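This report concerns only the one structure given below.
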Amino acid sequence: QVQLVESGGGLVQAGGSLRLSCAASASIFSFNAMDWYRQAPGKQRELVATFTSGGSTYYADSVKGRFTISRDNAENTVYLQMNSLKPEDTAVYYCHAATFLRDYWGKGTLVTVSS
C-alpha cells in the first residue's frame, strides 16, 4: 500500500512563502504523475500543480508564476514551493499520485494565509 505524507503547511502572512513536501513510500517513477491539489472551505478540490513522469509540469492559472512544483527522485519526494502567498491560497493541500490502476492521496496539510 503506497502512502503519501505531506508536511510543511502552516500559518503565513500574505506575501510570504511556504514549501510543502510530499514523501512517497514507493518510487516516484512508479507513478504516471504526482500532483498537488487544494480544497478551500466550502469549495471543491482543485488541481494546483502536476509533475508528470516525463518531467512536464502544469500549473493552475491562479498560481502560475508564484508556485513551483519539483521533485527529488532519490528521496521519492515532491515539493511545492509557494511564494507571494495570498489569503485566497488558504486551503488544505493534498498530495496525489496516479498509476494506470489507481490513485493515491495523502491526508493533507493546512495552509493558512493571513491578510
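Each value in this text was obtained by applying a stated rule to the coordinates, not by laboratory testing. Since the structure is predicted, the reported quantities are computational estimates derived from the model, not experimental observations. Glycine also receives a Cβ, built like all others from the backbone with ideal geometry; neighbour counts cover every protein chain displayed.
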Charges only on Cβ, +1 for Lys and Arg, -1 for Asp and Glu: so what's the dipole of the chain about the Cα centre, in debye to the nearest 20?
120
Largest first and to the nearest Å, give the Cα extent of the range 51-115 along each principal axis.
41, 24, 23
Value of D in µm² per second that Stokes-Einstein yields for the chain, Kirkwood Rh from Cα pairs, at 10 °C (1.306 mPa s):
113
The range 38-115, relative contact order [Cα under 8 Å, separation at least 6], %:
24
Using mean Cβ contacts within 10 Å as the protection proxy, how do 9-18, 83-92 order, highest first?
83-92, 9-18
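Ranked from highest to lowest mean number of other Cβ atoms within 10 Å per residue, what is the order of the peptides 20-26, 71-77?
Numbers: 20-26: 19.0, 71-77: 13.7.
The most tightly packed comes first, giving 20-26, 71-77.
Which chymotrypsin sites (Phe, Trp or Tyr not before Pro) does the range 29-109 hold that lie in a coil by DSSP with at most 14 other beta carbons within 10 Å? Please report the intermediate quantities before stating the final value.
Numbers: sites: F29, F31, W36, Y37, F51, Y58, Y59, F67, Y79, Y93, Y94, F100, Y104, W105; in loops: F31, F100.
The qualifying sites are F100.
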Can you find, among Q1, G65, M34, the residue sitting farthest towards the positive end of the charge dipole of the chain, where Lys and Arg contribute +1 and Asp and Glu -1 at Cβ?
G65
Can you list the aspartates and glutamates whose alpha carbon is less than 15 Å from that of K64, not counting same-chain residues fewer than 8 positions off?
D35, E46, E88, D89
